[in-house]
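> So that we are looking at the same thing, I have put the structure below in C-alpha cells.
The values are calculated or read from the model by the stated rules, or taken from the named source; none is laboratory data. These numbers come from a predicted model, not from an experiment. All Cβ positions, even for glycine, are placed from backbone atoms using ideal geometry, and neighbour counts span all protein chains on display.
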Amino acid sequence: MGLGGGLQLRRFTGITGVAFAALQVIEVPLYFVHDGAPPDSNVLTRIMLSLVVLVLLLGFVTGLRELIRQADPACGWVADLAHGAALAYIAVTFVAHSLQAGEVIAAREPVDPTITAAGTYLLYGSIGRILTAVFLVAAGYAAVRSGLLPRWAARSAYAIALINLAFVPSLYFGNDTGQFFSANGWGTTATVASLYVYWVLAVGIALIGRLRRRNARHYAGRPGVASENRR
C-alpha cells in the first residue's frame with residue numbers, strides 16, 4: 001500500500017474509533033433512565049444505536065489490524081488474534097441484541113430484557129468480558145511491538161483486560177441486575193464492559209494526532225513551504 005493509502009487507512013481507523021466511542025457514550029445512559037421495565041422504545045433505540053456502534057467497531061479493529069501489519073508484518077498473527085476476538089465479540093453481541101429485542105417485540109406488556117432474556121446473561125457478561133480481554137491484550141501488544149503506538153497503549157490495554165478477566169466468574173453470582181458483580185449485573189455488563197471504549201477512543205485520537213504531525217512534517221519538508229512560513 002502506498003503512502004497515500006496508508007494515511008487514508010490511519011485516518012479511517014482513527015475516525016471510526018472516535019465515532020464508535022462517542023456513540024457508545026450516548027447509548028450507555030439509556031440503560032439507566034427508567035426504573036423497572038423500560039418502554040419498548042427505550043430498549044429498541046439503545047439496540048439500534050448499538051448496531052451502528054458495532055459496525056464502527058468492526059471498521060476500527062479491521063483498520064487497526066492492517067496498520068499493525070504495515071508497521072511490522074511479524075506482528076501480523078497477533079493482530080489477527082485481536083481482530084478475531086473482536087469479531088467474535090461483535091457476533092455474540094449481535095446475538096444478545098437479537099434475543100433482547102425479540103423479548104421486547106413479542107411481549108404484550110413492557111418487560112426488562114436484561115432480566116427476562118436469560119440467554120443474554122453470559123453473552124453480555126462473562127463471554128463478553130473474556131473476549132474483550134483477549135482483544136485488548138493482543139491489540140495492545142501488537143500495536144506497541146510494531147511501533148504503531150507508544151507504550152501507554154499496551155499498559156492501559158493490559159490493565160483494562162485484567163479488570164475484564166476479574167468479572168468472568170460473575171456467572172456464579174446470580175442474575176440480580178442491581179448487583180454490581182452478577183451474571184447480568186450493572187458492573188459486569190455496563191461499567192466494566194464500557195472501559196475498553198475509552199481505550200479505543202484514546203487510540204483513535206492518537207492515530208489522528210500522529211497523522212496530523214506526519215502531515216505537518218511532510219508539508220514542512222516541501223520546497224517553498226519554509227520560506228512561506230517565514231512571511
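> Which numbered condition trips up GLN179, out of (1) in contact with a Phe, Trp or Tyr (Cβ under 8 Å, 6 or more places away or on another chain); (2) assigned to a loop (DSSP other than H, G, I, E, B); (3) surrounded by fewer than 16 Cβ atoms within 10 Å (Cβ to Cβ)?
Tallying (1) in contact with a Phe, Trp or Tyr (Cβ under 8 Å, 6 or more places away or on another chain); (2) assigned to a loop (DSSP other than H, G, I, E, B); (3) surrounded by fewer than 16 Cβ atoms within 10 Å (Cβ to Cβ), GLN179 fails exactly one: (3).
> For region 162-182, name all the residues that are at pLDDT below 95 and under 17 Å from ALA96 (Cα atoms).
The answer is ASN175, THR177.
> Continuing with the same structure: Go through region 94-106 and report how many residues are surrounded by 13 or more Cβ atoms within 10 Å (Cβ to Cβ) and touching a residue at least 60 places away in the same chain (Cβ under 8 Å).
Count: 1.
> Next up: Cβ-Cβ below 9 Å, separation at least six or inter-chain, first residue in region 35-46 and buried (at least 16 other Cβ atoms within 10 Å of the Cβ), second of a type in the set (Asp, Glu) and in a loop (DSSP other than H, G, I, E, B): which pairs?
ALA37/GLU109; ALA37/ASP112; PRO38/ASP112; VAL43/ASP112
> Go through the residues of region 187-197 one by one and say whether even a single one is over 28 Å from LEU56 (Cα atoms) and modelled with pLDDT under 95. Reasoning before the result, please.
So in region 187-197, the residues over 28 Å from LEU56 (Cα atoms) come out as none.
No, that holds for no residue.
> Quick one: which of LEU136, LEU149, LEU122 is over 16 Å from the mean Cα position of the chain (by Cα), in contact (Cβ under 8 Å) with a residue 60 or more places away in the chain and under 30 Å from TRP77 (Cα atoms)? If you could, list the steps in order and put the result at the bottom.
On the way: LEU136 fails: over 16 Å from the mean Cα position of the chain (by Cα); LEU149 fails: in contact (Cβ under 8 Å) with a residue 60 or more places away in the chain.
None of the other options fit; the residue is LEU122.
> Being in contact with a Lys or Arg (Cβ under 8 Å, 6 or more places away or on another chain) and assigned to a helix (DSSP H, G or I) narrows it down to one residue among VAL200, VAL134, VAL192; which is it?
Details: VAL200 fails: in contact with a Lys or Arg (Cβ under 8 Å, 6 or more places away or on another chain); VAL134 fails: in contact with a Lys or Arg (Cβ under 8 Å, 6 or more places away or on another chain).
Answer to the check: VAL192.
> So is LEU211 surrounded by 15 or more Cβ atoms within 10 Å (Cβ to Cβ), at pLDDT below 90, in contact with a helix residue (DSSP H, G or I) (Cβ under 6 Å, 6 or more places away or on another chain) and on the phi < 0 side of the Ramachandran plot or not? Before the answer, list the steps.
Working: surrounded by 15 or more Cβ atoms within 10 Å (Cβ to Cβ): yes; at pLDDT below 90: yes; in contact with a helix residue (DSSP H, G or I) (Cβ under 6 Å, 6 or more places away or on another chain): yes; on the phi < 0 side of the Ramachandran plot: yes.
Answer is yes for this residue.
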